[in-house]
Amino acid sequence: LSSLQQLQHGLSRFFTRMDHRISDDTSASLQWYGNFYTTHEKVLTDRYATYENDIEAQINHNINENHNISFGGNLRYFRLTVDSPSAQSAKLNGEPFEEDWAGLFLVDRYKINERLTLEGQIRSDWYTGTKRDWSARGSVLYALDEAGDHTLRFSAAKAYRAPAVGFRKTSMSRIPLGGPVFAINYAVPTDGLKNEETWSLEAGYLGKLDDGLTLQIDTYFQRFTHLIGGVTTAGVTRLANIDGARGYGVECEVSKQLEKGQVSAWYSFNGLETDQGNQSIRSAYPAQNKAGLRFRHPLP
């Protein structure tokens with residue numbers, strides 16, 4: 001709480017988008033957003049500011065009534081400045097930083113017949129911090145009945161997370177705990193970090209049961225590689241791609257449509273097992289068991 005009371009910051013966000021109908025079968029959109037953030041913090045860094053601008057274009061085209069595609073790309077510019085005059089501050093060596101992203105993507109959806117639909121997505125990105133990488137997803141949707149009330153879904157995907165500049169360039173000599181007390185821990189910059197990656201297999205079912213009752217069940221298995229964590233040797237901490245992990249789970253939800261609203265109950269089990277015991281990861285482990293109730297009521 002005392003740390004939060006010492007934090008002063010300001011955030012400005014701007015967004016604009018233009019949509020255009022080229023023809024009956026083709027549409028396009030162009031959008032820009034900007035995030036501008038400044039903070040004055042007396043805990044780790046004294047002051048830093050970030051400037052982010054992103055522009056994205058997309059074209060949607062219906063090849064026929066059963067086949068449509070979308071493709072486009074984006075460009076992003078990011079700048080970070082830090083003012084850390086005190087010895088207790090976290091420092092980013094070499095600032096100010098200017099980094100760029102560029103990406104291209106393609107989405108394809110093809111309805112083969114009344115029961116079978118194929119969906120595919122692929123994206124390629126280039127980032128100044130970790131260079132080139134890609135992500136993709138493929139799905140098969142199959143209706144068990146002609147009315148489409150019961151549908152099975154099978155998917156495979158590959159995604160990644162790039163370590164931002166704060167993970168690659170930060171150095172720190174000591175962390176203040178309050179007053180004259182410090183936790184001594186030397187953190188040094190880390191070059192050559194790889195992107196964290198995940199490969200996943202998914203299967204799901206969506207069924208419209210009798211009298212407004214809906215059941216949805218989703219299961220997944222994920223394989224993570226190159227997970228980043230902290231390695232401490234002789235009091236010096238360095239971030240590194242330590243090892244991988246396995247994630248798995250099941251999520252289910254039952255919904256009932258009422259005359260004046262909808263009520264739902266859901267449960268999920270989410271497990272994560274790292275390749276090494278007590279492996280350091282830059283995330284919180286998921287809670288294994290979660291449940292909840294939801295009620296929706298439309299206002300007049």
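Each Lys or Arg adds one and each Asp or Glu subtracts one; over the other residues with Cβ under 12 Å from the Cβ of GLY204, this totals -3.
Here the label points at TYR77 and ILE122, each 7 Å from Cα along the C-beta direction, are separated by 3.1 nm in the simple model. Using only side-chain charges placed at the Cβ, +1 for Lys and Arg and -1 for Asp and Glu, the dipole size of the chain relative to its Cα centre rounds to 960 debye. For the chain, a Gaussian network of Cα nodes joined below 10 Å ranks GLN222, GLN276, GLN121 by mean-square fluctuation, and the top entry is GLN276.
Pulled fully out, how much extra length does the chain show between THR237 and THR219, if you take 0.36 nm times their separation in residues and subtract their Cα-Cα distance?
On the way: separation 18, 0.36 × 18 = 6.48 nm, distance 3.71 nm.
Length gained, THR237 through THR219: 2.8 nm.
Each label point was placed 7 Å from the Cα along the Cα-to-Cβ direction; for ALA102 and ASP145 their separation is 5.2 nm.
Restricting the trypsin sites (Lys or Arg not before Pro) of the range 227-277 to loop positions (DSSP other than H, G, I, E, B) with no more than 14 neighbouring Cβ atoms within 10 Å leaves LYS260.
Each helix, a run of at least 4 DSSP H residues, gives -39500 (n - 2.57); summed and divided by the residues of the chain, these come to -500 deg cm²/dmol at 222 nm. Inter-label distance, ALA265 to HIS9: 4.0 nm, where each label sits 7 Å from its Cα along the C-beta direction.
Comparing mean-square fluctuations of LEU209, LEU193, LEU104 from a GNM of the chain with C-alpha springs under 10 Å, the top value falls on LEU209.
In terms of distances greater than 24 angstrom between alpha carbons, the cross-link table entries LYS260/LYS290; LYS158/LYS256; LYS158/LYS194; LYS111/LYS256 yield LYS260/LYS290; LYS158/LYS256; LYS111/LYS256. Per residue, the range 199-265 exposes 56 Å² of solvent-accessible protein surface, assessed with a 1.4 angstrom probe and all protein chains in place.
Residues of the range 115-156 falling in the label zone of GLN257, defined by backbone nitrogen less than 13 Å from a point 7 Å along Cα to beta-carbon, are 149. Taking the charge dipole of the chain about its Cα centre, with +1 at Lys and Arg Cβ atoms and -1 at Asp and Glu Cβ atoms, the residue from CYS252, TYR160, TYR267 reaching farthest to the positive side is TYR160.
Packing, as the average of other Cβ atoms within 10 Å across residues, places the peptides 62-70, 287-295 in the order 62-70, 287-295, highest first. Bridgeable aspartates and glutamates around LYS131 (alpha carbons under 15 Å apart, same-chain partners fewer than 8 residues away excluded): GLU98, GLU99, ASP100, ASP191, GLU196, GLU197. Would you look at the GNM of the chain, springs on alpha carbons closer than 10 Å, and say which of SER200, SER283, SER124 moves the most? Top of the fluctuation ranking is SER283. Go ahead and run the numbers for FRET between TYR51 and LEU152, Cβ-Cβ distance against an R0 of 35 Å, rounding to 0.05. Rounded to the nearest 0.05, the efficiency is 0.15. If you take Rg and Dmax of the Cα atoms in Å from the coordinates, which of (1) 24.2, 86; (2) 20.6, 62; (3) 24.0, 73 do you get? It is the value labelled (3).
The values are calculated or read from the model by the stated rules, or taken from the named source; none is laboratory data. Remember, predicted model here, so these are calculated numbers, not experimental data. Positions of Cβ are backbone-derived with ideal geometry, glycine not excepted, and every protein chain shown enters the neighbour counts. To get the accessible areas, we keep the full protein, side chains included, count just its heavy atoms, and leave off ligands, DNA and RNA. Shrake-Rupley method; radii C 1.70, N 1.55, O 1.52, S 1.80 Å.
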